[in-house]
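Below: one structure, written as structure tokens.
The values are calculated or read from the model by the stated rules, or taken from the named source; none is laboratory data. Only a predicted model underlies this, so the values are computations on that prediction, with no experimental measurement involved. Cβ placement follows ideal geometry from the backbone for every residue including glycine, while neighbour counts extend to all protein chains displayed.
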Amino acid sequence: MLRFQRAGQSVPEGTRRQGPPSSGMLRSMEQERSAVVTGGHGGIGRECTRTLRAAGVHVVVGARDVARAKRELGELVRTSVEVLALDLASLASVRSFSESVGASASRRPPLHAVVCNAGVQIMGPPERTADGFEKTFGVNQSWPLSPAPSHDSSSGPPRSNRSRGKRNA
């Protein structure tokens with residue numbers, strides 16, 4: 001069983017800190033941060049979600065089937081884990097997911113990581129996404145090319161309400 005210690009807590013005498021080799025990175029994420037994990041409800045993605053939660057990180061899981069993802073995550077969903085609909089084979093779904101994550105940003109800690117875990121490998125006859133891409137390419141590669149949600153371009157690039165520094169007029 002992995003145990004993570006929150007920053008500022010003392011370790012009881014005679015015990016030692018345990019964790020995966022990357023626990024230094026996880027300790028640095030403990031300070032009120034969020035992460036998005038695509039496919040974070042199965043296999044390696046589920047373990048990534050569990051590890052991030054154990055480190056105190058709020059996790060947003062993107063999944064094609066929200067009900068199934070919630071079932072597979074079990075008790076983790078009752079903690080600080082959100083499950084939102086995301087089908088990487090549809091750029092409209094990617095945009096909708098992005099807008100949902102952005103719209104609910106004020107209810108969660110700032111986003112500091114995106115774990116791109118979901119993917120497919122189609123063997124056999126070629127399949128197409130809703131947007132006409134070959135499915136392996138469309139799911140694994142094309143979604144980052146999806147335009148970001150629109151904003152008022154006259155005010156410059158979009159900024160987080162938590163951004164630092166002065167904004168140019």
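Mind checking which helices (runs of 4 or more DSSP H) fall wholly inside region 1-117 and carry at least 1 residues that are under 30 Å from R128 (Cβ atoms) and at pLDDT 90 or above?
Details: elements: 23-28, 43-54, 66-73, 91-103.
Result: 43-54, 66-73, 91-103.
Sort out which residues of region 89-108 are surrounded by 15 or more Cβ atoms within 10 Å (Cβ to Cβ), over 14 Å from the mean Cα position of the chain (by Cα) and not small (G, A, S), and write them in order of number.
L91, R95
Suppose we filter region 59-71 for residues that are surrounded by fewer than 20 Cβ atoms within 10 Å (Cβ to Cβ) and either touching a Leu at 6+ places or on another chain (Cβ under 9 Å) or charged (D, E, K, R) (or both); how many remain? Before you say what the answer is, go through the steps one by one.
Quick first cut of region 59-71, residues surrounded by fewer than 20 Cβ atoms within 10 Å (Cβ to Cβ) only: 64-68, 70-71.
Checking which are either touching a Leu at 6+ places or on another chain (Cβ under 9 Å) or charged (D, E, K, R) (or both) leaves us with 64-66, 68, 70-71.
Within region 59-71, residues that are surrounded by fewer than 20 Cβ atoms within 10 Å (Cβ to Cβ) and either touching a Leu at 6+ places or on another chain (Cβ under 9 Å) or charged (D, E, K, R) (or both) number 6.
Can you name every residue in region 72-88 that is under 20 Å from Q141 (Cα atoms) and crowded, with 20+ Cβ neighbours inside 10 Å?
L86, D87, L88
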